[in-house]
């Protein structure tokens, strides 16, 4: 997932000040989280941020599930020096599509991540060193169990809505099936009930890039001066291509050269075309903020997710849900193409659940739900959907 | 390009015996090839194979231009022990779509390759060692100039048709524009007048994989026991995904696991899903037959190709051609999608040239022109087109 393709809204975060990094320690001994694999993990630190005010009846909570490489910093700024606001700042805030004057928004870094929530780069209490490859295998269900534990910790019983795109959408689907009593509405963007073979294939290439970097050292690279940045950057480069539509990179870059109009006839140059330069830049920026072991862990969690397999069929899974649904796909998204969203919608209809579906037109491919220019269209669906859900529950 | 997705026709090559590896040495001093970059290269050895019999009037020649990782061994077997026949054996042979009872077929390994024609792994006569990264930068035009020099060497003035898919199709386009007097008909399969940004992006990822393999050693790995096989295999894995359609890998592999029905919850396994195992297998097989420096050289030649840029516009380029055209695309090809073929066709129409266009339906994506099951459909277009061209020229 990338927010770098278009410039993010640079307006100030909110009139009521800066957003605060918060964290909670959950699953402390003797009550660790029992993972889907059967292993246990604890304690688990969860990094999260909140926006707006929890209503006295605690009925205005919206939980945001971030995508593969996102984090808890979904909107606003931590301080005035912060260059860029949170990754969905154009969508969440006072008066915005998810209006923090009305709703209390929670976003947490997911389990296995590397932005404050326990993951492979966190300290293993048994060794005093980072978990590294000893970090247990996790699934989307484990990630969602931690979201629910954070709600418990915050004293929140039910949420008005859970919202997520891509891997975040998978968390939403798992959540409403696994803890149906807790969720009023589910908003699933650019996602699917399972990853298809092509998606698994691209993830496999990314992981291979990391594994084959000699600096990866079987995952024990934390104490080293040099980290497997070549491999991780390469994984990001290939993933990044899948986040963009063919149309959008053709329009933005086409065959334009990085320097001048003449070919260099130099095989040593890796950035002769602008699209190359852009991908290298994305790869190099990514390694500054992301951990290779987290990338392995979370892409595998994505591969494993299969709602239908876990519950017999997707319709069987949905027979448990109580939420209403808003499902949105993008016509140029080829990583989670529209037929995958339609599979969700058909199963919801079969299970006689309330669902609204829309395929939005966009040039931006999978990343469209993160692109500022595309947010008004998305907001025009999400905002009234949330308002209706809220008023229907009064 | 891959011929491994479906089993290749295993019928014997031809009733009249085995095919012979041939080679010619061209551009010997003092007459080296002047490359598009301005550099010179010579002597150049060309590995080629021929099928059928050259007619007394030398008017039945069909030249096959292979794709990125193909070779001169286009059909038949070299001996009875050879496990697999040439890469287009289902298409070329006695009584087949390109009927070697009627036509004299020539296929040569392209300049910069690694299957007998001079390329980076060939001996540099100035040093007595492989060229390695000292091999000059080459373009599609240089490749086609060597094809033409081979024709001269064989004493052949004109060809009935040049045929090629993918990178081979680019050679066909360059050929008919650059040496229009020599070609009766052009058959362009699953190709385009230029590589789009997404194609350049995937090539850039493949090259990055090679460059970042420490065993690559700036291209000077030939004397070493270990070669940059991790990088080259990774480049092949990502390219291979682009050769297949989403639909075909979903049908063949979907989410099937390699061993049993149960997840292993083991992050160390890189081949838990069948699609992963398949890609790793493809990568590992590829490095047995291909050279990393050739991969860099030829993908860059592909990136550089831009027929319109070189001649003002594609229609301007085509104002020079004398051939008739058969242009074929595949509906599930997303590497060279149908609009790219249509761009060729529109320019030919604008230039008032004779063109037949067909988008074939296939599940197999870009590789469809190489897949045995798809050859009857392709043959039903190619075979009469060749026959008409031949009879019209009598």
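Read-outs throughout are calculated quantities, based only on the coordinates presented, and are distinct from any laboratory measurement. Because the structure is a prediction, the values reported are computed rather than measured. Note that we place each Cβ from the backbone using ideal geometry, even for glycine, and neighbour counts take in every protein chain shown.
Taken residue by residue and averaged, Cβ atoms of other chains lying within 10 Å of the Cβ of B:301-307 number 2.
Per residue, the convex hull around the alpha carbon atoms of the protein assembly as shown comes to 169 Å³.
Computed over chain A, the convex hull of the alpha-carbon atoms projects to a mean area of 20.0 nm². Between residue A:259 and residue A:220, what FRET efficiency follows from the Cβ-Cβ distance if R0 is 56 Å, with the result rounded to 0.05? FRET efficiency, residue A:259 to residue A:220: 0.90. Under 17 Å from the 7 Å Cα→Cβ point of residue B:152, by amide nitrogen: which residues of the range B:183-203? Flagged as within label range: B:183. Ranked by how many other Cβ atoms sit within 10 Å of their own Cβ, fewest first, the residues A:122, A:383 fall in the order A:383, A:122.
Footprinting exposure proxy ranking of B:226, A:80, A:246, A:309, fewest other C-beta atoms within 10 angstrom first, gives A:80, B:226, A:309, A:246. Entry note, the range A:57-208: relative contact order of 24 percent, from Cα contacts under 8 Å with a spacing of 6+ residues.
Each of A:240, A:354, B:280 was scored by other Cβ atoms within 10 Å of its Cβ. Listed from fewest to most, they are A:354, B:280, A:240. The equivalent ellipsoid of the range A:106-153 has semi-axes of 20, 11, 9 Å, largest first, where each one is the square root of 5 times an eigenvalue of the Cα gyration tensor. Compactness of the range A:292-345 was expressed as the Cα radius of gyration divided by 2.2 N^0.38 Å, which yields 1.36. Sorted shortest first, the separations between the residue B:153 label point and its copies elsewhere in the assembly read 7.2 nm; each point sits 7 Å from Cα along the Cα-to-Cβ line.
Expressed in units of 2.2 N^0.38 Å, where N is the residue count, the Cα radius of gyration of the range A:136-270 is 1.45. Computed over the range B:328-394, the range of Cα coordinates on each principal axis works out to 37, 28, 13 Å, biggest value leading.
Legend: mean number of C-beta atoms from other chains within 10 angstrom of residue C-beta atoms, peptide A:265-277, equals 6. When residue A:261 is represented by a point 7 angstrom out along its Cα-to-C-beta vector, the spacings to that point in the other copies are 6.5 nm, nearest first. Our summary gives the range B:210-294 a relative contact order of 33 percent, counting only alpha carbon pairs under 8 angstrom and 6 or more residues apart.
With both labels modelled 7 Å from their Cα along Cα-to-Cβ, the residue A:311 to residue B:289 distance reads 4.7 nm. Only helical runs count toward this figure. For chain B, summing -39,500 (n - 2.57) over DSSP H runs of n ≥ 4 and dividing by all residues gives -10500 deg cm²/dmol at 222 nm. For the pair the range B:346-394 and the range A:127-154, the centres of their Cα atoms are 56 angstrom apart. The mean count of C-beta atoms from other chains within 10 Å of the C-beta of residues in B:208-217, rounded to a whole number, is 4. Between the C-alpha center of the range B:193-233 and that of the range B:36-102 there is a gap of 27 Å. A point 7 Å from Cα along Cα→Cβ stands in for residue A:58, and the other copies hold the same point at 9.1 nm, listed in rising order.
When each of the peptides A:334-343, A:228-237 is scored by the mean number of other C-beta atoms lying within 10 Å of its residues, the order from highest to lowest reads A:228-237, A:334-343. When its C-alpha radius of gyration is set against 2.2 N^0.38 Å (N residues), the range B:210-294 gives a value of 1.28.
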